[in-house]
Amino acid sequence: MRLLLVEDNVALADSLCSVLKRAGYAVDWRTDGRDAVVLGEQEPYDLAILDLGLPGMDGLEVLQRWRAAGSGLPVLILTARSRWTERVEGLQAGADDYLTKPFHNEELLLRVQALLRRAHGRVPQALLSVAGLQLDEAQQQVRVGDAEPLSLSASEFKLLRYFMLNPGKVLSKTQLAEHLYDYEDERDSNVIEVLINHLRRKLGREAIETRRGQGYVLVGRGE
Amino acid sequence: MRSISRRLAATLVPLLLCSVLLIVQGSVWLYDRAQRNYLTLLLQRETDSLLAALTVGPDGLFLDLDKIDPDYRRPYSGRYFVVQGREKWRSRSLWDHRLPLPGDGLQSGLLPGPQGQELLVWSGEYRKAGEPVTISVALDYQPLMTEFRRASILISALAVLVTLLAVLIQQWLLRRSLLPLRRVQQELAEWRSGERLHLSEQVPQELQPLVAEINHLGAQIEALLLRARNSAGDLGHALKTPLAVIESRLDALAPSLPAEQLTELQAQLQAMRNQLERTLQRARLATDQSRAQRFDPATDLPALVQTLASLYPAVPEIRLDGASDTRWPFDREDMLELLGNLLDNACKWARARVRLSWRLDAQHLCVEVADDGPGIDRDARDQVLSRGLRLDQQTPGHGLGLAIVRDLVAAYGGTLSLEQAPEGGLLVSISLPRERR
């Protein structure tokens, strides 16, 4: 999952970046509203966390530009503006959720998680259950059927979560790379192949099918 | 309280009465004098005719009664004479009354006559046929006196009437000229209740400076409030982000900190958050202040409900129950804050249903927010209200929302109560007076 964080306070952004990365998200961070508009339209983000009081361009206007350009990117507004008038304005401008500062890291993570699941047409639950697999996002563990939970490495967790949010879809290597790595990361398609092999070793060979020339599909336990 | 109209009347009435009475008395006096002068002339002429009636006979002078006016022969006719020569002749009309014979000319006062008459007397000394003769002629002045008295009473009554009329006219004029002031006062009341942004300048010239001053003052207050609100907002924004950084760092540090210290720090942070939020809220309240925008349930409520629906996708239904055709006579932002916090709370706790009903009558706006959640125990309700306690630490902001609502309701002079909802959960009912005293 790749997120765009637009926040002009460096200290807060630093802290948020590390929190989000620890939770297995690839994060691009921008401080200027105008940069955010361009990046949000160019890159295939899964979610944006948007501050409202931004230099260059107000967050609300950034959001309106995205929506005017037809982008359906899920947007979580993270702001100090806590009046209900402002919340109504924010959500009317096209935001999907609204969190006011200050906040707890867990709450932000829960909201991000819920938004991502909603964006992929799933009801928010404690565990993400798809195709006989149960993913515990807090512990970064997966459970196959009724077996003992298996621990996942950070990269494996990222990849599996993306698969599980897009079950039954054919995902190309490029697509996977775009959603798993941020702007600065080295994108090496071999790494994805290696990670998929790791996952197959843990979940079973048939859990992820290869479609030659197209990409991979999560099949799981075939329910 | 001092009243301008009463004070004006109190000065006008004695002034008018005094001057009118003075004029009445003065004119009566003047007329009396003129009358006496004229009658003196007549009396003089009468003396002349009496002198002519004195005829020189063989025994000296005698009064030829045929030559004098018959009035002098009718007793108490009001016309009398006494002629004193060698002999003394008295008019028959005097009957047995004695007319004193004072000196020369007109007597200064009126002399008592017969039957209570008051006589104007004129005397003259002459010489006829070598004999000294003193003639006194008198005329009853009483009928004229009576006439004067009646006239002066009549005129005085008329004067009182005129004074009364003058006072009435004055009061009417005063009320008329104070009418613009009353209109200004009405407009000020409208201003206070937010139906108007400034006083109309279409007033009489005398009131123009006052109205201009009031408008100026209003604009100044508006600007001050705006600045206060903006600086409160700026302060809030400035403090919230660092607070968010601290909170975020603290969360990251949580595993390596002793649990006791962590709880302590978190509690302090929470207290700062709440205090900041409530202070900001209070600074932003606009109860007495007339911003143009009123709360319009037809457009604002659906927007709010939609907002809550996206914040709480799990709560399927927020039912609205009330008339949407009239705007509420309260500030839009404050009402959004009030309803937003109430509905936010309700949505947090509701299982499936939240109800918002409202009723706007001539005196009050009554709002009820109910949910079908677990509700709050009777004992705990008081605690929630009195201290803005959070009952559930897991759901952030609960309690704080109610505290903000309580501050808001208090600022509007309304009432807030927590009850058991028929739906099963908590029922918050609020009543706000339309006119704040």
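The values are calculated or read from the model by the stated rules, or taken from the named source; none is laboratory data. Predicted model, so just to flag it, every value in this text is computed and none were measured. All Cβ positions, even for glycine, are placed from backbone atoms using ideal geometry, and neighbour counts span all protein chains on display.
So for segment A:126-146 (the condition being among the acidic types (Asp, Glu) and under 25 Å from B:Leu250 (Cβ atoms)), does at least one residue qualify?
Going residue by residue through segment A:126-146, those that are among the acidic types (Asp, Glu) are A:136-137, A:146.
When the remaining residues are screened for being under 25 Å from B:Leu250 (Cβ atoms), the result is A:136-137.
Yes, there is a match, as at least one residue in segment A:126-146 is among the acidic types (Asp, Glu) and under 25 Å from B:Leu250 (Cβ atoms).
Of all residues in segment B:67-96, count the ones that are hydroxyl-bearing (Ser, Thr, Tyr), closer than 17 Å to B:Pro112 by Cβ and in a helix (DSSP H, G or I).
Counting residues in segment B:67-96 that are hydroxyl-bearing (Ser, Thr, Tyr), closer than 17 Å to B:Pro112 by Cβ and in a helix (DSSP H, G or I) gives 1.
The rows are residues; the columns are (1) among the β-branched types (Val, Ile, Thr); (2) facing another protein chain (nearest Cβ under 8 Å); (3) in contact with a Gly (Cβ under 9 Å, 6 or more places away or on another chain).
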| site | (1), (2), (3) |
| --- | --- |
| A:Leu76 | no, no, no |
| A:Ala80 | no, yes, yes |
| A:Arg83 | no, yes, yes |
| A:Glu86 | no, no, no |
| A:Gln92 | no, yes, no |
| A:Tyr98 | no, yes, yes |
| A:Leu109 | no, no, no |
| A:Arg118 | no, yes, no |
| A:Leu127 | no, no, no |
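Each row is one residue, and each column tells you yes or no for (1) surrounded by 13 or more Cβ atoms within 10 Å (Cβ to Cβ); (2) modelled with pLDDT of 85 or more; (3) not in a helix (DSSP H, G or I); (4) not acidic (Asp, Glu).
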| site | (1), (2), (3), (4) |
| --- | --- |
| B:Leu210 | yes, yes, no, yes |
| B:Ile214 | yes, yes, no, yes |
| B:Ser231 | no, no, no, yes |
| B:Gln261 | no, yes, no, yes |
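Any residue in segment A:134-146 that's within 14 Å of A:Glu106 (Cα to Cα): show its pairings with residues that are among the hydrophobic types (A, V, I, L, M, F, W, C) at Cβ separation under 7 Å, as long as the two are six or more apart or on different chains.
Correct list of pairs: A:Glu137/A:Leu128.
Please work out which one of (1) of a type outside the set (Ser, Thr, Tyr); (2) surrounded by 13 or more Cβ atoms within 10 Å (Cβ to Cβ); (3) touching a residue at least 24 places away in the same chain (Cβ under 8 Å) is the condition B:Arg183 fails and give its number.
Only one criterion in (1) of a type outside the set (Ser, Thr, Tyr); (2) surrounded by 13 or more Cβ atoms within 10 Å (Cβ to Cβ); (3) touching a residue at least 24 places away in the same chain (Cβ under 8 Å) is unmet by B:Arg183, namely (3).
Can you find even one residue in segment A:47-59 that is surrounded by fewer than 19 Cβ atoms within 10 Å (Cβ to Cβ) and away from chain B (no Cβ under 14 Å)? Step through it out loud before you land on a result.
At the first step, the residues of segment A:47-59 found to be surrounded by fewer than 19 Cβ atoms within 10 Å (Cβ to Cβ) are A:53, A:55-58.
So of that shortlist, the ones also away from chain B (no Cβ under 14 Å) come out as A:56-57.
Yes, segment A:47-59 has at least one match.
Any residue that is within 60 Å of the chain's Cα centre (by Cα), farther than 15 Å from B:Thr134 by Cα and among the aliphatic types (A, V, I, L, M) - is there at least one of those in segment B:40-54?
Quick first cut of segment B:40-54, residues within 60 Å of the chain's Cα centre (by Cα) only: none.
The answer is no; no qualifying residue exists.
Which of the residues spanning segment A:94-119 are buried (at least 19 other Cβ atoms within 10 Å of the Cβ) and among the small types (Gly, Ala, Ser)?
Listed by number, the residues that qualify are A:Ala95, A:Ala114.
Here is a check on your reading of the model: is B:Leu301 in contact with a helix residue (DSSP H, G or I) (Cβ under 9 Å, 6 or more places away or on another chain), over 29 Å from A:Glu7 (Cα atoms) and within 11 Å of chain A (Cβ to nearest Cβ)?
Values: in contact with a helix residue (DSSP H, G or I) (Cβ under 9 Å, 6 or more places away or on another chain): yes; over 29 Å from A:Glu7 (Cα atoms): yes; within 11 Å of chain A (Cβ to nearest Cβ): yes.
Yes, satisfied.
Going through segment A:9-25 one residue at a time, which ones are more than 14 Å from chain B (Cβ to nearest Cβ) and either within 20 Å of A:Asp58 (Cβ to Cβ) or touching a Leu at 6+ places or on another chain (Cβ under 6 Å) (or both)? Let's see the steps before the verdict.
Start the filter on segment A:9-25 by keeping residues that are more than 14 Å from chain B (Cβ to nearest Cβ), which leaves A:24-25.
The answer is A:Tyr25, and nothing else.
Of the residues in segment B:414-437, how many are in contact with a Ser or Thr (Cβ under 6 Å, 6 or more places away or on another chain) and closer than 17 Å to B:Asp361 by Cα?
Residues of segment B:414-437 in contact with a Ser or Thr (Cβ under 6 Å, 6 or more places away or on another chain): B:414-415, B:417, B:429, B:431.
Remaining after also requiring closer than 17 Å to B:Asp361 by Cα: B:414-415, B:429, B:431.
Result for segment B:414-437: 4.
Of all the residues that make up segment B:186-241, how many are of a type in the set (Gly, Ala, Ser) and either in contact with a strand residue (DSSP E or B) (Cβ under 8 Å, 6 or more places away or on another chain) or more than 20 Å from B:Gln281 (Cβ to Cβ) (or both)?
So the count comes out to 8.
Looking only at residues that are charged (D, E, K, R) and at pLDDT 85 or above in segment B:308-324, which one is nearest to A:Leu78 (Cα to Cα)?
Start the filter on segment B:308-324 by keeping residues that are charged (D, E, K, R), which leaves B:317, B:319, B:321.
Then drop every residue that is not at pLDDT 85 or above, which leaves B:319, B:321.
Values: B:Arg319: 28, B:Asp321: 32 Å.
The extreme case among them is B:Arg319.
Might you check whether a residue that is farther than 30 Å from B:Gly233 by Cα, under 14 Å from the mean Cα position of the chain (by Cα), within 14 Å of another protein chain (Cβ to nearest Cβ) and buried (at least 20 other Cβ atoms within 10 Å of the Cβ) occurs anywhere in segment A:139-157?
There is no residue in segment A:139-157 that is farther than 30 Å from B:Gly233 by Cα, under 14 Å from the mean Cα position of the chain (by Cα), within 14 Å of another protein chain (Cβ to nearest Cβ) and buried (at least 20 other Cβ atoms within 10 Å of the Cβ).
Yes or no: segment A:27-46 includes at least one residue that is more than 10 Å from chain B (Cβ to nearest Cβ), of a type in the set (Gly, Ala, Ser), surrounded by 18 or more Cβ atoms within 10 Å (Cβ to Cβ) and over 27 Å from B:Ala238 (Cα atoms).
Going through segment A:27-46, the residues more than 10 Å from chain B (Cβ to nearest Cβ) turn out to be A:27-46.
Those still in the list that are of a type in the set (Gly, Ala, Ser) too: A:33, A:36, A:40.
In the following step, the residues that additionally are surrounded by 18 or more Cβ atoms within 10 Å (Cβ to Cβ) were identified as A:33, A:36, A:40.
Retained after the next criterion (residues that are over 27 Å from B:Ala238 (Cα atoms)): none.
Taking every residue of segment A:27-46 in turn, none turns out to be more than 10 Å from chain B (Cβ to nearest Cβ), of a type in the set (Gly, Ala, Ser), surrounded by 18 or more Cβ atoms within 10 Å (Cβ to Cβ) and over 27 Å from B:Ala238 (Cα atoms).
Evaluate segment A:184-196: report whether one residue or more is in contact with an Asp or Glu (Cβ under 9 Å, 6 or more places away or on another chain) and in a loop (DSSP other than H, G, I, E, B).
Within segment A:184-196 (the criterion being in contact with an Asp or Glu (Cβ under 9 Å, 6 or more places away or on another chain) and in a loop (DSSP other than H, G, I, E, B)), the answer is yes, since at least one residue qualifies.
Of all residues in segment A:183-216, which are surrounded by 17 or more Cβ atoms within 10 Å (Cβ to Cβ) and not small (Gly, Ala, Ser)?
Answer for segment A:183-216, where residues must be surrounded by 17 or more Cβ atoms within 10 Å (Cβ to Cβ) and not small (Gly, Ala, Ser): A:Val191, A:Ile192, A:Leu195, A:Ile196, A:Leu199, A:Leu203, A:Ile208, A:Tyr216.
B:Arg90: at pLDDT 80 or above, of a type in the set (D, E, K, R) and either outside the structural domain of B:Arg33 (by TED's automatic domain parsing) or in contact with a strand residue (DSSP E or B) (Cβ under 7 Å, 6 or more places away or on another chain) (or both), yes or no? Give the steps one after another, and end with the answer.
Working: at pLDDT 80 or above: yes; of a type in the set (D, E, K, R): yes; either outside the structural domain of B:Arg33 (by TED's automatic domain parsing) or in contact with a strand residue (DSSP E or B) (Cβ under 7 Å, 6 or more places away or on another chain) (or both): yes.
Against the criterion (at pLDDT 80 or above, of a type in the set (D, E, K, R) and either outside the structural domain of B:Arg33 (by TED's automatic domain parsing) or in contact with a strand residue (DSSP E or B) (Cβ under 7 Å, 6 or more places away or on another chain) (or both)), B:Arg90 qualifies.
Just one of B:Val428, B:Val409 is outside the structural domain of B:Arg273 (by TED's automatic domain parsing), outside any strand (DSSP E or B) and at pLDDT 75 or above; which is it?
Every option except B:Val409 fails the conditions.
Of everything in segment B:233-259 that's assigned to a helix (DSSP H, G or I) and more than 20 Å from A:Asp14 (Cα to Cα), which residue is farthest from the other protein chains (Cβ to nearest Cβ)? Outline the logic, then answer.
So the first thing to find is which residues in segment B:233-259 are assigned to a helix (DSSP H, G or I), and the list is B:233-256, B:259.
Right, trim to more than 20 Å from A:Asp14 (Cα to Cα) and you get B:233-236, B:259.
Values: B:Gly233: 8, B:Asp234: 10, B:Leu235: 10, B:Gly236: 6, B:Ala259: 16 Å.
By that ranking, first place goes to B:Ala259.
Within segment B:280-298, restricting attention to residues that are within 12 Å of chain A (Cβ to nearest Cβ) and part of a helix (DSSP H, G or I), which residue is modelled with the lowest pLDDT?
Going residue by residue through segment B:280-298, those that are within 12 Å of chain A (Cβ to nearest Cβ) are B:280-281, B:283-286, B:291, B:293, B:295.
Right, trim to part of a helix (DSSP H, G or I) and you get B:280-281, B:283-284.
Numbers: B:Leu280: 79, B:Gln281: 77, B:Ala283: 74, B:Arg284: 71.
Out of the qualifying residues, it is B:Arg284.
Where residues in segment A:66-93 are free of Cβ contacts under 8 Å to residues at least 60 places away in the same chain, of a type in the set (A, V, I, L, M, F, W, C) and within 26 Å of B:Leu250 (Cβ to Cβ), which of them is surrounded by the fewest Cβ atoms within 10 Å (Cβ to Cβ)?
So the residue we want is A:Leu76.
Residue under question is A:Leu160, and the condition is that it be of a type outside the set (Gly, Ala, Ser) and modelled with pLDDT of 85 or more; does it hold?
On the way: of a type outside the set (Gly, Ala, Ser): yes; modelled with pLDDT of 85 or more: yes.
For A:Leu160, the condition - of a type outside the set (Gly, Ala, Ser) and modelled with pLDDT of 85 or more - is met.
Which one of these is out of contact with any Lys or Arg (no Cβ under 6 Å at 6 or more places or on another chain), in contact (Cβ under 8 Å) with a residue 40 or more places away in the chain, under 25 Å from B:Asn37 (Cβ atoms) and not in a helix (DSSP H, G or I): B:Ser123, B:Ser136, B:Ser152, B:Ser108? Give the derivation first.
On the way: B:Ser123 fails: in contact (Cβ under 8 Å) with a residue 40 or more places away in the chain; B:Ser152 fails: not in a helix (DSSP H, G or I); B:Ser108 fails: in contact (Cβ under 8 Å) with a residue 40 or more places away in the chain.
Matching residue, one of B:Ser123, B:Ser136, B:Ser152, B:Ser108: B:Ser136.
Could you run through segment B:324-355 and say how many residues are in contact (Cβ under 8 Å) with a residue 60 or more places away in the chain and either within 13 Å of another protein chain (Cβ to nearest Cβ) or under 45 Å from the mean Cα position of the chain (by Cα) (or both)?
Qualifying residue count, segment B:324-355: 9.
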